[in-house]
Structure formats: structure tokens, C-alpha cells
Amino acid sequence: MTNREQIDYWNEQAGPEWVAEQARLDETVATFGNAVLERANIQAGESVLDVGCGTGQTTVAAARTAAGGRVLGADVSRVMLEAAKRRAAEAGVSADFVEADAQVHDFGEKFDHVISRFGVMFFEDPTAAFANLARATEPGGRLTFVCWQALPKNAWVALPARALADVVPLPPREPGEPGPFAFADGERVRTLLDDAGWNEIRIESVERMSSFGDGSVEGTLEFLLAIGPLASAVRGVEDPEQRQRAIDVVTGAVEAEAKNGKVELGTATWIVEAVR
């Protein structure tokens with residue numbers, strides 16, 4: 001099955017973690033989703049496909065903007081989709097959800113907008129995936145998404161990774177390998193979209209300082225040790241003493257960044273827009 005490794009990961013490990021940390025995640029990544037929605041400029045009555053919708057924060061926001069239209073959130077994680085459905089019901093918005101691998105799923109309809117907040121970097125074959133999404137988009141329809149730039153430009157991972165290097169190094173990844181930093185190379189993203197049939201491709205670099213968790217030292221540590229590459233690396237350490245050393249060095253690195261009790265870490269993303 002296509003993307004089997006990612007499907008298993010998001011159902012068995014990452015999905016449950018994200019649902020458990022939903023409130024903190026919402027606060028941390030809302031700015032990035034808002035940037036996507038602002039660029040997409042969705043209008044009332046339009047149709048929207050939210051790829052890798054997770055627990056539905058961007059789907060619900062899109063549904064409010066597209067009032068009277070059709071909004072569909074797609075994700076491979078069943079547990080995250082259940083949380084998204086609860087969120088939509090509580091918000092009182094009209095949104096549907098489908099458990100689907102957007103690389104191969106036949107959506108059976110065409111949308112005015114395809115959006116994604118950090119949901120498109122996990123495809124096994126990104127050219128095929130973007131071509132499939134193009135087929136699900138109306139002529140003249142728009143694709144808007146945000147993805148991470150290279151790991152070294154994202155201090156929220158790079159800083160603790162450097163601290164961990166002598167204790168629990170993060171596993172090496174091949175450039176372009178499915179994962180959070182698969183689209184580190186903006187020109188590669190442009191080529192992928194062009195090959196998949198998208199036009200008027202625009203890629204903008206956005207770098208900013210961001211808070212994680214509640215922005216306190218303790219909250220930042222709790223967030224970094226619960227979600228993402230750092231959490232996976234530390235969790236995989238079986239020896240209790242080695243795991244504690246890993247936590248200690250990360251704690252020291254985060255404390256060194258604190259100013260007046262608050263921590264902000266650098267983030268670097270691409271905001272990508274294209275037209276069908």
C-alpha cells in the first residue's frame with residue numbers, strides 16, 4: 001500500500017500523541033495555519049480540501065470562511081480525524097472528513113482551494129501526490145500550503161538536536177525523504193509542483209521566532225519532549241540513565257534561550273501558492 005510507513009506512524013504513534021497534546025499544538029501552530037488561510041483568501045460558498053488536516057483546526061477555520069460551501073478534511077490518521085470531527089461538531093460548522101491518502105485517493109469532486117498546514121511533506125511520491133491533488137482542483141483553483149525549511153534553520157529542532165548529539169543523536173535522513181523537512185529545498189518544491197501540472201508557483205520564505213507550549217521553560221520542554229523528532233529520539237532510549245542525560249542536556253539548551261522566563265525559538269517555513 002502507498003505510504004504504508006507513514007500511515008502506520010500517524011495511526012500508531014504520532015496521531016495519538018497529537019490528540020493528547022491538541023491544546024498546546026493548536027496554540028503553537030495556529031499562526032502558521034492562519035498564514036495559509038490568509039493567502040488562500042477563501043470566500044463564502046467556495047469548496048475547500050484540507051490535506052493532512054490532523055485534528056481539524058484549519059478545517060474548521062476554513063469552514064467558517066467558506067460558509068455555505070463545501071469543506072473536506074483529509075488525513076491518514078483515524079484517531080486525529082475523530083478529534084477533528086468532535087471539534088467541528090463543537091464549533092457548529094459544516095465540514096466533512098475522510099480517512100484518505102491524498103497521494104492516491106480519488107476524491108470524486110473538484111475543489112476551489114486545496115490547503116495544507118504541514119500536511120504535504122509525508123508523501124512517498126510527492127509528484128504523484130500533487131498531480132492527484134491537481135486533478136481534484138477546479139481549473140483556476142488554488143493550492144496554498146506551509147512546510148518547514150531545512151532543519152538547521154529551525155532552532156526548535158536544531159537547538160535540542162545539537163545538545164543531544166553526544167547522547168542520543170537524531171537518526172540521519174536522506175534529503176527529500178518523507179518527513180517534516182522533506183521540502184527543505186524550495187526549488188525542489190517548485191519543480192515538483194511544475195511537474196505535477198501546477199502553474200503560477202510562488203514560494204516565499206517566512207522566518208520568525210515562535211513560542212512552543214506556553215512559552216515558559218517548563219512548557220517548552222514539555223512540548224519538545226512530547227511531539228516531533230526530539231520526542232521520538234528521547235523516547236527510543238531504553239536505558240533510564242541515558243534517557244535522563246538526554247533530558248538534562250535538552251533542558252540546559254532550552255534554559256539558555258530563556259529571557260525573562262520566556263523561550264522563543266527560530267522557525268523557518270515556505271509559504272507555497274500555485275494555480276491549477
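Pairs are defined by a Cβ separation below 9 Å, a sequence spacing of at least 6 or placement on different chains, a first member in the range 228-241 that is on the phi < 0 side of the Ramachandran plot, and a second member that is part of a helix (DSSP H, G or I) and at pLDDT below 80; the pairs so defined are 232/14. Considering (1) assigned to a helix (DSSP H, G or I); (2) within 30 Å of residue 20 (Cα to Cα); (3) touching a residue at least 24 places away in the same chain (Cβ under 8 Å), the lone condition that residue 86 does not fulfil carries the number (3).
Please go through the range 1-46 and give me each residue that is open to solvent by less than 30 Å² (accessible area, probe 1.4 Å) and free of Cβ contacts under 8 Å to residues at least 24 places away in the same chain, ordered by number. Matches in the range 1-46: none.
Of the listed requirements (1) touching a helix residue (DSSP H, G or I) at 6+ places or on another chain (Cβ under 8 Å); (2) surrounded by fewer than 19 Cβ atoms within 10 Å (Cβ to Cβ), residue 101 misses just one: (2).
Filter the range 1-41 down to the residues that are closer than 28 Å to residue 125 by Cβ and part of a loop (DSSP other than H, G, I, E, B), then identify the one that is farthest from the chain's Cα centre (by Cα). The selected residue is 1. Of the helices (runs of 4 or more DSSP H) lying entirely inside the range 217-266, those carrying at least 2 residues that are at pLDDT 90 or above and in contact with a Pro (Cβ under 7 Å, 6 or more places away or on another chain) are 240-257. Only a single item in (1) small (Gly, Ala, Ser); (2) in contact with a strand residue (DSSP E or B) (Cβ under 7 Å, 6 or more places away or on another chain); (3) farther than 19 Å from residue 27 by Cβ is not met by residue 44, and it is number (2).
Looking at (1) over 26 Å from residue 231 (Cα atoms); (2) in contact (Cβ under 8 Å) with a residue 24 or more places away in the chain; (3) open to solvent by 10 Å² or more (accessible area, probe 1.4 Å), which one does residue 106 not meet, given that it meets all the others? Among (1) over 26 Å from residue 231 (Cα atoms); (2) in contact (Cβ under 8 Å) with a residue 24 or more places away in the chain; (3) open to solvent by 10 Å² or more (accessible area, probe 1.4 Å), the lone unmet condition for residue 106 is (2). Across the range 235-263, the number of residues qualifying as acidic (Asp, Glu) and either surrounded by 11 or more Cβ atoms within 10 Å (Cβ to Cβ) or under 16 Å from residue 165 (Cβ atoms) (or both) comes to 3. The set of residues in the range 167-188 that are free of Cβ contacts under 8 Å to residues at least 24 places away in the same chain and more than 24 Å from residue 132 (Cα to Cα) comprises 172, 173, 174.
Cβ-Cβ contacts under 8 Å between residues 6 or more apart (or on different chains), taken from a first residue in the range 189-214 that is more than 30 Å from residue 24 (Cα to Cα) to a second residue that is of a type outside the set (A, V, I, L, M, F, W, C) and assigned to a strand (DSSP E or B), are listed as 200/273; 201/273; 202/273.
The values are calculated or read from the model by the stated rules, or taken from the named source; none is laboratory data. Here the structure is a predicted model, which means the values were calculated and not measured. Methodologically, a virtual Cβ is constructed for each residue, glycine included, from the backbone with ideal geometry; neighbour enumeration extends over all protein chains shown. Only protein heavy atoms, including side chains, enter the accessible area calculation; ligands, DNA and RNA are left aside. Shrake-Rupley method; radii C 1.70, N 1.55, O 1.52, S 1.80 Å.
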